[in-house]
Amino acid sequence: MNYREAEIVVLSDLHLGTYGCHAKEIVQYLRHIRPKWLILNGDIIDGWQFSKRYFPASHLQVIKEILNLTEHGTRVVYITGNHDEMLRRYSGWQLSHFQLTDKLVLEIDGKMTWIFHGDVFDATTKGSAKFIAKLGGIGYDWLILLNRLINWFLIRLNRPKMSLSKKIKNGVKKAVSWIDNFEQTAAELAIEKGYDYVICGHIHQPQHRVIETEKGKVTYLNSGDWIENLTSLEYTQLGWNIYHYQESDFATAPLVPIRSMNTVVDVITNEVAMHIHSLQPVS
């Protein structure tokens with residue numbers, strides 16, 4: 001089989017166990033990659049809405065495909081997020097090619113890259129606000145289902161798909177401002193510590209842009225999600241790129257044979273711990 005040419009792949013916000021998760025598309029994508037590194041940057045399993053009554057075979061297949069990658073030599077790093085925070089008590093656990101952690105710093109081809117989910121910046125994931133956020137998550141799930149139904153009709157009318165949640169977010173100034181603040185905060189912290197790249201998830205907003213401050217600049221990346229955007233980050237010899245899933249990509253298979261590349265990756269994890277702890281609210 002031919003595979004997508006990517007040495008490192010970052011996925012986040014799959015939200016397995018929810019109605020909005022595009023599990024079949026994730027499986028299709030995972031079957032067409034063989035990276036050296038697969039970084040799962042939080043909210044892979046949705047513990048907030050997890051139910052034994054809803055975890056279909058396609059969602060279980062996603063987990064099987066990830067484990068299958070480890071058997072082929074891919075190093076999988078699972079970084080916990082707020083929806084899978086129940087796994088944080090096991091942070092540091094490692095078995096063969098699989099590692100569970102809360103944050104990661106990589107040196108990729110000489111560039112320092114800071115990777116973490118990003119919920120540490122979000123006050124709605126903590127304390128009493130967390131309960132309200134969980135209720136909002138249920139409403140969001142139903143909104144996604146309604147959106148799928150609307151798009152089903154739009155496709156049959158030969159009209160472009162639409163995203164209800166994006167329209168709502170773009171129409172609410174606070175939501176737009178919150179996303180901007182999130183990106184700016186992550187970038188400022190990364191610049192202070194001299195990182196070249198900072199990679200987050202959490203806000204379901206794929207992004208690749210350079211952010212500059214008086215102290216310097218950093219490349220901010222966000223892997224998006226697999227609820228609406230269906231995006232990942234891929235690292236090749238050309239650098240980082242946002243991949244947008246298209247079913248036609250795999251139907252026509254415009255893929256390249258997998259081959260060895262010269263990407264150099266070193267793991268540096270201890271330094272970032274102080275950043276995460278410094279951001280925790282003082283009780």
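Here are some notes:
- For the pair GLN237 and TYR19, a Förster radius of 30 Å applied to the C-beta separation gives a FRET efficiency near 0.20, rounded to the nearest 0.05.
- Remark: the GLU214-LEU67 segment gains 48.6 nm on full extension, using 0.36 nm per residue and subtracting the alpha carbon distance.
- Among 199-209, 231-241, the peptide with the highest mean count of other Cβ atoms within 10 Å heads the list, and the full ranking is 199-209, 231-241.
- When both the stretch 60-75 and the stretch 7-31 are represented by their alpha-carbon centers, they are found 12 Å apart.
- Model label zone, VAL267; criterion: amide N under 16 Å from point 7 Å along Cα-to-beta-carbon; scope the stretch 91-116: 91-108, 113-116
- Computed from backbone phi, the HN-Hα couplings of the stretch 106-119 come to 10, 9, 10, 6, x, 9, 7, 10, 9, 10, 7, 5, x, 5 Hz, rounded to whole numbers (Karplus: 6.51 cos²θ - 1.76 cosθ + 1.60, θ = phi - 60°; Gly and Pro given as x).
- Working from label points 7 Å from Cα in the Cα-to-Cβ sense, the HIS244 to LEU154 distance is 1.3 nm.
- Once both labels are positioned 7 Å from their Cα atoms along Cα-to-Cβ, the gap between TRP93 and ARG53 label points is 2.8 nm.
Every number in this text was worked out from the coordinates using simple rules, so none of it is lab data. Owing to the predicted nature of the structure, the values given are computational and were not obtained by experimental measurement. Here the Cβ is made from the backbone with ideal geometry for all residues, glycine too, and neighbour counts use every protein chain on show.
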